[in-house]
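The values are calculated or read from the model by the stated rules, or taken from the named source; none is laboratory data. Since we're looking at a predicted model, the values are computed, not measured. Cβ atoms come from the backbone with ideal geometry, glycine included; neighbour counts cover every protein chain shown. SASA here: full protein model, heavy atoms, side chains in, ligands and nucleic acids out. Shrake-Rupley method; radii C 1.70, N 1.55, O 1.52, S 1.80 Å.
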Amino acid sequence: MGAHEITVIYDGQCQLCQNAISWVSKKLAITALDFHTTDLAQFQLSEDQCSREVFVITEGKRYSGAQAVAFLLKSRGNRFLSALITLSGPLGRFGYRWVASHRNSWPVKILSSFLKG
């Protein structure tokens, strides 16, 4: 892996996740890996971990969940949204966990459709 490569390990069977990866990829070069078809051992990750949250690996660092989303937003140029997630601390982490565990709910489907556009 090169010095500035960004690898994202996500749930390729989740529509929101797919749309988010597509949206991020429009402005940021990433390597997106579906955890269902990736050798997770090379990243010292388990299927259980990856089923609960997204992971970003870059420059020897690993981010997960809300922290990973904030990193991707900042790298993509969405500094305000990134700062909002980071500064909200526990609230941002709670929001991420809620979305991740309610992927098939109508609020998440609406969010997913915004990212698709």
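Tabulated results
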item	result
Pairs with Cβ under 8 Å, 6+ apart, first in the range 89-117 and over 17 Å from SER51 (Cα atoms), second part of a helix (DSSP H, G or I) and of a type in the set (Val, Ile, Thr)	GLY92/ILE85; GLY92/THR86; LEU111/VAL99
Those residues of the range 53-75 which are under 18 Å from ALA20 (Cβ atoms) and either assigned to a loop (DSSP other than H, G, I, E, B) or modelled with pLDDT under 95 (or both), in sequence order	GLU53, VAL54
Odd one out for LYS27 among (1) open to solvent by 30 Å² or more (accessible area, probe 1.4 Å); (2) assigned to a helix (DSSP H, G or I); (3) touching a residue at least 40 places away in the same chain (Cβ under 8 Å)	(2)
Count of residues meeting criterion [open to solvent by less than 80 Å² (accessible area, probe 1.4 Å) and without any contact (Cβ under 8 Å) to a residue 60 or more places away in the chain] in the range 57-79	13
Residue that is of a type in the set (Lys, Arg) and in contact with a Phe, Trp or Tyr (Cβ under 7 Å, 6 or more places away or on another chain), where the choices are ARG79, ARG52, ARG62, ARG103	ARG62
Matching residues in the range 35-51 - criterion: being within 22 Å of VAL99 (Cα to Cα) and more than 11 Å from the chain's Cα centre (by Cα)	PHE35, HIS36, LEU45, SER46, GLU47, ASP48, GLN49, SER51
Hits in the range 30-56 (condition: in contact (Cβ under 8 Å) with a residue 40 or more places away in the chain, in contact with a strand residue (DSSP E or B) (Cβ under 9 Å, 6 or more places away or on another chain) and of a type outside the set (D, E, K, R))	ILE30, CYS50, VAL54, PHE55, VAL56
